[in-house]
1. Filtering the stretch 39-76 down to residues that are aromatic (F, W, Y) and more than 30 Å from V147 (Cα to Cα), which residue is surrounded by the fewest Cβ atoms within 10 Å (Cβ to Cβ)?
2. I need the full set of residues from the stretch 200-217 which are over 31 Å from the mean Cα position of the chain (by Cα), outside any strand (DSSP E or B) and acidic (D, E), in order please.
3. Would you mind telling me which numbered condition in (1) without any contact (Cβ under 8 Å) to a residue 40 or more places away in the chain; (2) more than 30 Å from A23 (Cβ to Cβ); (3) surrounded by 20 or more Cβ atoms within 10 Å (Cβ to Cβ) D105 fails?
4. Test G173 against the stated conditions and say whether it is at pLDDT below 60, over 16 Å from M224 (Cα atoms), outside any strand (DSSP E or B) and not acidic (D, E).
5. Mind listing just one residue for me: the one in the stretch 182-199 that is in a loop (DSSP other than H, G, I, E, B) and in contact with a strand residue (DSSP E or B) (Cβ under 7 Å, 6 or more places away or on another chain) and, of those, nearest to T228 (Cα to Cα)?
6. For the stretch 1-43: of the residues being assigned to a strand (DSSP E or B) and among the basic types (K, R), which is farthest from the chain's Cα centre (by Cα)?
7. Can you name every residue in the stretch 110-163 that is exposed (fewer than 13 other Cβ atoms within 10 Å of the Cβ), closer than 24 Å to A220 by Cβ and at pLDDT 85 or above?
8. In the stretch 41-96, which residues are of a type in the set (K, R) and touching a residue at least 12 places away in the same chain (Cβ under 8 Å)?
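The values are calculated or read from the model by the stated rules, or taken from the named source; none is laboratory data. This structure is a prediction, so every number in the text was calculated from the model and none was measured. Cβ sites come from the backbone with ideal geometry, for glycine too, and all protein chains shown count toward neighbours.
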Amino acid sequence: MTRDTAVQAHFAINSYRVDLSAAENGTIKSGDSIYTHGAEAKAEASPYTGYHFVKWTDAKGDSLSAANPYTFIVTSDTTIQAHFAINSYQVSLFASKNGRITSGDSVYVYNTEAEISVEADSGYYFVMWINGAGDCLSTTNPYKFAVKGKTSLTAVVEKGYKGDTGNEVVSGGEARVYYAEGILHLVGLEGADISVHAIDGRQILQFKANDIEHPAALPAGIYMLNATGGKGRHVAKFVVRE
């Protein structure tokens with residue numbers, strides 16, 4: 001150097017790789033990218049159906065966070081993995097009066113098979129399993145199904161013997177049931193023995209359908225009607241609105 005010299009240093013911000021991966025039963029939704037030093041990264045993972053997110057771990061396997069999405073400041077190359085676990089669901093079973101649940105009320109992991117059963121008192125018989133909306137799910141006892149979520153089922157038990165009318169369950173056809181202005185309309189069910197239950201299994205009405213109209217003051221709700229005699233068994237759900 002032979003004279004005074006001005007020298008200037010130049011710098012550039014570092015960039016780092018954030019490498020995200022998912023263990024079994026899930027995927028990375030966002031966050032896998034390159035970031036400058038001090039930038040905020042947001043890692044987000046999505047579990048497969050029937051599973052839930054558990055935690056993020058670093059390259060050593062140490063836990064970092066149970067938050068999803070997970071936000072952090074990037075100061076170096078970073079490797080993070082998302083972990084997932086299978087869901088567990090409660091199957092809650094109930095029986096209408098004169099019935100007892102004998103098996104199946106328990107906690108199950110996703111997509112495993114539950115087998116549920118009910119026993120009716122002497123002089124009574126099992127009719128069907130209904131869900132919380134009053135829909136008939138099955139007329140078999142025991143009943144097997146794959147558990148996909150939290151489940152609540154009620155076994156409907158009726159007075160009489162299954163052999164009285166056979167085990168045929170008829171829905172639809174020529175018979176129709178509906179409620180309007182304090183009258184229960186029974187189309188095609190003349191002469192049948194009628195019983196009406198609330199969704200929780202309580203018996204509300206029991207009568208013989210001598211006419212196509214039956215006066216009944218029913219509060220708003222969902223009801224199940226069973227008709228026996230004549231053309232076999234008719235099972236229907238009807239709604240009383242406010």
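1. So in the stretch 39-76, the residues aromatic (F, W, Y) come out as 48, 51, 53, 56, 70, 72.
Going one step further and asking which of them are more than 30 Å from V147 (Cα to Cα), we end up with 70, 72.
Values: Y70: 20, F72: 17.
Residue satisfying both the conditions and the ranking: F72.
2. So in the stretch 200-217, the residues over 31 Å from the mean Cα position of the chain (by Cα) come out as 206-217.
With outside any strand (DSSP E or B) added as a condition, the list becomes 209-212, 216-217.
Within the stretch 200-217, just D211 meets the criteria.
3. Condition not satisfied by D105: (3).
4. Details: at pLDDT below 60: yes; over 16 Å from M224 (Cα atoms): yes; outside any strand (DSSP E or B): yes; not acidic (D, E): yes.
So G173 fits the description; yes.
5. Our first condition is that a residue be in a loop (DSSP other than H, G, I, E, B); within the stretch 182-199, this holds for 182, 188-192, 199.
Restricting the remaining residues to those that are in contact with a strand residue (DSSP E or B) (Cβ under 7 Å, 6 or more places away or on another chain) gives 182, 188-189, 192, 199.
Numbers: G182: 23, G188: 12, L189: 9, A192: 5, I199: 19 Å.
Step by step, filter the stretch 182-199, then rank; the result is A192.
6. Applying the first criterion (assigned to a strand (DSSP E or B)) to the stretch 1-43 yields 15-22, 26-30, 33-36, 40-43.
Still in the running and among the basic types (K, R): 17, 29, 42.
Details: R17: 41, K29: 25, K42: 31 Å.
The residue in question is R17.
7. S152
8. In the first step, residues of the stretch 41-96 are kept if they are of a type in the set (K, R); the result is 42, 55, 60.
Result: K42, K55.
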